[in-house]
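Please treat every number below as a calculation from the coordinates, not as lab data. Remember, it's a predicted structure, so these values are computed and weren't measured experimentally. Don't worry about glycine lacking a Cβ; one is built from the backbone with ideal geometry, like all the others, and counts go over all protein chains shown.
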Amino acid sequence: MVMEQNLWKHIQYVRTKSPLVHNITNYVVMNNTANALLAAGASPIMAHAKSEVPDMVALASSTVINIGTLDEYWSEAMLLAAETAHTLGKPWVLDPVGAGASPFRDKVLQELLNFKPTVVKGNASEIMALAQANQEATKGVDSTAASNEAIEAAHTICSAYNAIVCISGATDIITDSAQRIQIANGTPLMTKVTGTGCTASALIGAFIGVVENKTEAVTAAMALLGIAGELARKQSKGPGTLQLHLLDKLYSLTEKEFCDYIKISKP
Amino acid sequence: MVMEQNLWKHIQYVRTKSPLVHNITNYVVMNNTANALLAAGASPIMAHAKSEVPDMVALASSTVINIGTLDEYWSEAMLLAAETAHTLGKPWVLDPVGAGASPFRDKVLQELLNFKPTVVKGNASEIMALAQANQEATKGVDSTAASNEAIEAAHTICSAYNAIVCISGATDIITDSAQRIQIANGTPLMTKVTGTGCTASALIGAFIGVVENKTEAVTAAMALLGIAGELARKQSKGPGTLQLHLLDKLYSLTEKEFCDYIKISKP
Amino acid sequence: MVMEQNLWKHIQYVRTKSPLVHNITNYVVMNNTANALLAAGASPIMAHAKSEVPDMVALASSTVINIGTLDEYWSEAMLLAAETAHTLGKPWVLDPVGAGASPFRDKVLQELLNFKPTVVKGNASEIMALAQANQEATKGVDSTAASNEAIEAAHTICSAYNAIVCISGATDIITDSAQRIQIANGTPLMTKVTGTGCTASALIGAFIGVVENKTEAVTAAMALLGIAGELARKQSKGPGTLQLHLLDKLYSLTEKEFCDYIKISKP
C-alpha cells in the first residue's frame, strides 16, 4: 500500500507542477501525445530544429525521444538532444519504435543509447532488438508479447547503460538494477489505438521530470495510463471512442479509482 | 451475391492476416490513417527516411504513397519506395492528393506513375488532372464530383499504366481494364472529415497486400469504408464525432451489417 | 446588436463561400486544424514545399503561418509564403507559437513580421515576446494570462507592422489601430486540448480570406470558436471528448446559439 500511495502522490505532483516536457517524437502520434500530456497535467513542447534543440532541452524538465518516423535530419536532432540532456544531467526517455525493422533504425538507436537514457520504453520485440542489436524483421510497431527473453533483454540494457527499462505489454514490466515491478492494468483494445505506447513514453517523460525516485516515476506513469485505459474501455464501443475517453480519464482519474483498480506486483 | 460474399471474405481475411502496410503519407492524416488500418485489422508502419524506405517496402505486404504534404525530400523517398515496390513486384497504391494544384505535384506524380502503381485512388478532379497532366487549379483537396469525364480519365490511366483506378466520391467508381464497379455507400458528412479519402487509400493498401484478386480487394476496401461511414453517421452529431464512430465501425462491422447495407452495381 | 449581426453574417458567408485556406502549420495540430476548417465550411490545403508554396499562396484566399514545429527548411518555406502573400496583396495570419522560447524562433519571427501579416494571433506571453523581441523563456506554448502589458505589446505590433493583433486567452482581445474588442467566450478546458490556439489562427485565416472588414473577420472567428467551445463543454467529460464536440459545434452552430451566447464588449 505504501507503493500505491506514493504512486498516487506522484500523479498529483505532476498535475500540480505541470512539468514542461520536450518531445522529439513521430508525426503519427504528436497530436495525441500532446493531448495526453496536457490531460495528465503536464505542459508539452514539440521541437526538433537543430537550431533550437539545445535550448529546448535546457528549458524543459525532461526530453522524450521517439524514433517512430525518424529520418536523417531528425536522427541528428535526436542525437543533439540526447547529448545535450546527457551533458546537462537532464532526465530523458528513449522510445525505440520499430527497433530491428531496419539497419538505419538500429544504428541510430545504438548512437542514442551512448547518451545514456534515464528510461528506455519499448514493447517486447523492440527491447529484444535493442539488446541484441540484431536486425531481425519486426512485425510492425505494435507487438505486445512479453517473455523471459524480453526480461533478459531488459536486464542487458539496464546493466549496459544504467537505464531503467520498461517493457510495455498486456503486463508492463519495469526493471532497474535492483528490482522488477509489474503492472497488469490496461485493456487489449489499447493496442488498436495508434501511439498508446508513445503516450506511455511521453507520460514517463512528464513523471521523471519532477519525481525524484525515477523507478517510481516510471511505474506511476504506466499505472496511470493502464488504469485510465481500463476505465475508458467501459465507455467505448471501439478504438475510436477509446482514444477520446482515455484522454478524459487521464484528466479526471480520482484517487479512489486509482487505488481500486491498480494491479501492481513485484515477482 | 457471390461478389458481396467474396468482399466480406476479404474483410475477414484482412482481420485475420493483419497485413503490414507501409505508408508514406501526409502529415495531416497520419494519425487517423494508422488508426483506421489498426481498426480494420491491419498493421501500419509509417516510414519515409531514404535510408530505410527500401527495407520497409521489402518488409511490408504493400506500400501506400500519398502526396498530400510532399516536399523535395519526401518526393525522393516516394520515388524510391515506388521504384523498390515495382522492382520487387510488391503491390502499391498511389493517392495523388491535390493533383493539378501545382506543377511540382504534377511532375512528381508523372514520375511516380512510371513505376506502375497497382491502384490509383483519387477524387474526380485529381483523376482528371492526372490523366490530362494538366495544370488547372483544383479547388482544395476535397472535391467530390464524379462525371463521365472522370470515368474517361480513369480509363486513360488504366490503359496507360495498367493500374486499377478508383474514383472516390458520393459514388465510388472502380475500373480495371475489364469492368467497372460502383459503390454507393457513405454519407456526405464524410467530406467534412479531413483525410477520409486518404483512409480509403490506406485501406486499399491493406486489402491488396493480402487479397489475390486486386479489383475485388479495392472494392472490398471501399465498401468497408463507405458502410462503416454510413453506420457511424447514425450515431454522430457532426464531423468530430463521425471521425471516431467511423473508427469504431471499421473495427466492429458485422457480416449482417455489411450485407444489409452494401450498395454495389456494375453499370 | 449591429456588430453581432454582422459577425453572424460573416460566419454564414464563410460557410457559403468555402474559402480555400493555405496552411503552413505545425505537425501537432494539422489534423484538427484541417478538421476545424472543414467544420466551419472552409476548404483547407496544407502545403510547405518550397517548390510549390508560391503556387499555393496564389491559389488560396489566404495563408496561415504557424511556427509551432518550425525548422530550418520550414522557416524558409514560411518566409517564401509570407513574401509571396505580401507581394500579391493576399491576407495572411502569423501565429508565433512559442515566441521567446529560443533565439531561433525569435529570429524567424522578426523576419516574418517584415512581410506585414494582416493578423498576428498569439497568447499573451507570445505577443509580449514578439513585441519585445526579447529572449525570455516562456513556459511552454499554452500560457493564457492576459494583462495590460500584453495589450501594450499588441499596440506596439499593431503600430509597427500595421497588423491586427489578437491575444487569445480567457478573454480574447482584438486590437487594430482604431479600436479594441473583447470576446469573453470559451471554457478553461479548451486549454487542455492541444492546438486550440492554432485552430483560432486557422479560422481567422478562413474569415479574412473572404470578409472585407478584417477586424470583424477576426472577431467573428474568435467568437465562433469560443461559443462552439462553450457549448461543446456542456457535452464533454474531459479534454478528449471536448475536442470532438468542438468540431461538431463549429459545424452545427445556429444563429440563435450564437446570439444567445456571445459575450462581446468594447472597453
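Positive end of the dipole of the stretch B:197-267 (Cβ unit charges, origin at the Cα centre): among B:Cys259, B:Pro239, B:Gly226, the Cα lying farthest that way belongs to B:Pro239. Karplus-derived 3J(HN,Hα) values for the stretch A:242-256, using 6.51 cos²θ - 1.76 cosθ + 1.60 with θ = phi - 60°, are 4, 4, 7, 5, 4, 4, 4, 6, 4, 6, 10, 3, 9, 4, 4 Hz; glycine and proline are entered as x.
Modelled label positions at B:Asn148 and B:Arg15, each set 7 Å beyond Cα in the direction of Cβ, lie 4.2 nm from each other. Convex hull volume of the Cα atoms of the stretch B:87-244, normalised per residue: 105 Å³. Distance between the C-alpha centres of the stretch C:54-115 and the stretch B:141-216: 36 Å, rounded to the whole angstrom.
Apply the Debye scattering formula to the stretch C:44-93, with a single equal point scatterer on each alpha-carbon and no solvent, then give log10 I(q)/I(0) at q = 0.13, 0.19, 0.26 Å⁻¹. Debye curve over Cα of the stretch C:44-93, log10 I(q)/I(0) at q = 0.13, 0.19, 0.26 Å⁻¹: -0.24, -0.52, -0.99.
Only Lys, Arg, Asp and Glu carry charge here, each on its Cβ (+1 for the first two, -1 for the last two); on that basis chain C has a dipole of about 620 debye about its Cα centre.
With a simple spin-label model that places each label point 7 Å from the Cα along the Cα-to-Cβ direction, the separation between C:Ala170 and A:Ser159 comes to 5.6 nm.
According to the Cα-based calculation, Rg over Rh for the stretch B:28-113 is 0.95, with Rh computed by the Kirkwood formula.
Pairwise alpha-carbon distances in chain A exceed 28 Å for 25% of all pairs. With K and R counted +1 and D and E -1, the other residues having a Cβ less than 15 Å from that of B:His155 yield a net charge of -2.
In terms of Cα atoms, the Rg and Dmax of the stretch B:215-267 work out to 11.5, 35 Å. In this Cβ point-charge picture (+1 for Lys and Arg, -1 for Asp and Glu), the protein assembly as shown has a dipole of about 1820 debye about its Cα centre.
Rounded to the nearest whole angstrom, the semi-axes of the ellipsoid equivalent to the stretch A:164-259, taken from the Cα gyration tensor as √(5λ), stand at 23, 14, 12, largest first. A Förster radius of 51 Å combined with the Cβ-Cβ distance from C:Met3 to A:Val2 puts the calculated FRET efficiency at roughly 0.25. Backbone phi angles across the stretch C:188-204, fed through the Karplus curve with coefficients 6.51, -1.76 and 1.60 (θ = phi - 60°), yield HN-Hα couplings of x, 4, 4, 6, 9, 10, 5, x, 5, x, 5, 4, 4, 4, 5, 5, 4 Hz in residue order; Gly and Pro are listed as x. For the stretch B:111-123, backbone phi angles converted through the Karplus equation (6.51, -1.76, 1.60; θ = phi - 60°) give residue-by-residue couplings of 5, 5, 4, 4, 8, 6, x, 5, 9, 10, 10, x, 7 Hz, Gly and Pro being listed as x. What the Kirkwood sum gives for the stretch A:10-75 is a hydrodynamic radius of 12.3 Å, with every pair of different alpha carbons counted.
Looking at the stretch C:138-234, the GluC sites (Glu not before Pro) that sit in a DSSP loop and have at most 12 other Cβ atoms within 10 Å of their own Cβ are C:Glu212.
Scanning residues 5 or more positions from C:Gly238 or on other chains, none has an amide H under 5 Å from its amide H, with H placed 1.01 Å from N in the peptide plane. By the equivalent-ellipsoid construction on the alpha carbon gyration tensor, the protein assembly as shown comes out with semi-axes of 35, 35, 25 Å, ordered largest to smallest.
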